[in-house]
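Contents: one structure, followed by commentary.
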Amino acid sequence: MMAAGGWRAFLGTILYSVLERRLRVAIVLGGIVFALMLAGWVSIGLGLV
């Protein structure tokens with residue numbers, strides 16, 4: 001019983017770290033895309049003015 005609980009905690013920790021890493025990557029990529037879009041809108045706005 002103790003071993004099963006340990007394995008579950010071990011797998012849970014691995015799964016959490018993987019999800020956290022993916023989430024961090026997604027946030028970084030989202031930020032980059034958002035910054036590029038913002039830069040594009042600003043350049044378009046400056047071009048129109």
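A short reminder: the numbers here are calculations on the coordinates, not readings from a lab. Quantities reported herein were computed from a predicted structural model and do not represent experimental measurements.
Phi angles across the range 7-23 convert, under the Karplus curve 6.51 cos²θ - 1.76 cosθ + 1.60 with θ = phi - 60°, into 3J(HN,Hα) values of 4, 5, 5, 4, 5, x, 5, 4, 4, 5, 5, 5, 5, 5, 5, 5, 5 Hz, Gly and Pro given as x. The spread of Cα positions in the chain, taken along each principal axis and listed from longest to shortest, comes to 71, 8, 5 Å. Just checking the listed ones, LEU11, LEU19, LEU29: in the Gaussian network model of the chain with Cα springs under 10 Å, the one fluctuating most is LEU11.
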